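Below you'll find the structure, written out as structure tokens, and then a few comments.
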Amino acid sequence: MTNQEKIIRYLDGTLDSTDIEAVKAEIEKSTALRKEYERLLSLKKRLKKLSEVEADPDYFINLLPRFRERINQKKKKSFLPAYALGTVLTALIIFAAVVFLNDSDSTLNLIEISAQLEDNELESILVYYSNGNTYSIDDEEDGSELFLSELFNGDNNSIDMEALKTLSLKYAIDDVLEDVSDQEADLIVNEISNKNILMSN
Amino acid sequence: MPEQDNDFDLIQRFLAGDEAAFNKIVSKYQQKIYWHARRMVGNHIDADEIVQEVLLVLYKKLASFKFKSSLYTWIYKITSTRSLNLLRQRKVKEFFSFEDSEDHDISGGQDIVATLESKEKIEKLERVLKTLPAKQREVFILRHFDELSYEEISAITGKSVGGLKANYFHAFKKINDLMNNND
């Protein structure tokens with residue numbers, strides 16, 4: 001452990017009692033170490049001071065009424081996403097019934113069905129859904145399977161980055177990342193960070 | 001604090017239909033939610049949006065809260081997750097050149113920070129925090145500003161205490177280097 005690390009951990013209060021005594025003794029003995037300790041302590045205090053700001057109290061007074069208003073608006077509109085999702089599901093079921101009518105072995109679920117769709121068919125369904133979507137937490141939970149099946153090649157371990165690029169440009173990227181799990185989102189961000197994709201324009 | 005105002009009772013009352021109990025929960029935690037989100041995302045508009053989202057999650061999901069952790073850590077977990085999601089979205093947008101990473105100022109001058117001195121302070125802090133990777137920033141904020149124990153942070157982030165201590169150390173070291181260079 002370097003001297004700086006020892007002091008940071010000492011200031012953070014995470015050294016055990018033996019190490020605390022040892023660091024204290026070293027600080028007492030060494031002028032250089034004492035200076036470093038004082039500098040880091042001062043930095044810690046400065047950072048804390050930077051967070052002590054005066055905020056407009058009205059913001060916190062109005063926060064709850066604004067939330068209540070939002071909730072009431074959502075309640076008024078709440079029939080729309082359910083209606084839209086229901087319509088999409090109905091359309092999918094009808095489509096699937098037509099496509100798979102003679103295939104008795106097929107297990108039909110949304111991911112499998114969507115994998116069978118042509119891009120333009122999937123797009124029209126997504127556009128249809130997006131148009132009626134008022135976006136709520138419930139939608140996040142229910143409405144993402146189609147998109148994710150496109151994005152993650154079905155196995156959740158690899159990302160079709162070309163699909164991400166295409167679909168991100170077509171649909172709200174915010175909605176895309178809202179629908180993926182933390183692990184999946186990390187995967188996307190890591191791939192992007194590593195610039196590990198070939199962009200074709 | 002009166003007994004009827006503890007979190008467990010407030011949740012029970014809310015689930016029994018007492019909306020005033022939800023208001024009390026919000027009043028109790030709104031500052032913590034806002035300032036945690038604010039330090040994570042670095043501007044008022046995004047922080048405000050996260051606060052509203054967190055309240056919505058609380059409102060809808062309190063019924064499923066199992067008291068396996070404290071309400072306090074659950075709220076931090078929701079706020080942190082939302083903030084990290086927003087930072088991820090921002091990074092993806094930057095990658096697709098939807099916006100400029102250096103000039104992410106969507107506030108349009110809107111802020112709840114009142115005085116010039118406060119504005120200068122928070123801008124400086126936000127500049128410093130922005131240099132940390134998102135997950136390191138999360139740990140640093142929870143430890144340094146929210147003053148949570150590593151055990152509490154572990155419950156929020158799902159990381160080991162040892163890993164969190166290392167994260168905090170690297171964050172502090174990075175800030176130290178940055179401030180040294182700027183001074």
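Bear in mind that the values in this text are calculations on the coordinates, not laboratory data. Everything numeric in this text was worked out from a predicted model, so none of it was measured. When we count neighbours, we look across all protein chains shown, and the Cβ atoms used for this are built from the backbone with ideal geometry, even at glycine.
Quick rundown of the values:
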item: Within the range A:1-29, tally of residues that are among the acidic types (Asp, Glu) and closer than 23 Å to residue B:171 by Cβ; result: 4
item: Only one of B:118, B:149 that is among the small types (Gly, Ala, Ser), facing chain A (nearest Cβ under 10 Å) and within 23 Å of residue A:37 (Cα to Cα); result: B:149
item: Among the candidates B:76, B:72, B:59, residue that is farther than 25 Å from residue B:126 by Cβ, in a helix (DSSP H, G or I) and not polar (S, T, N, Q); result: B:59
item: Any pair with Cβ under 9 angstrom, 6 or more apart, that starts in the range B:162-174 at a residue that is more than 10 Å from chain A (Cβ to nearest Cβ) and ends at one that is of a type in the set (D, E, K, R) and outside any helix (DSSP H, G or I); result: B:167/B:159
item: So residue B:43, is it within 20 Å of residue B:81 (Cβ to Cβ), surrounded by 14 or more Cβ atoms within 10 Å (Cβ to Cβ) and of a type in the set (S, T, N, Q); result: yes
item: Selection within the range A:1-25 - within 11 Å of chain B (Cβ to nearest Cβ) and of a type in the set (A, V, I, L, M, F, W, C); result: A:1, A:7, A:8, A:11, A:15
item: Count of the range B:113-169 residues which are in a loop (DSSP other than H, G, I, E, B) and of a type in the set (Lys, Arg); result: 1
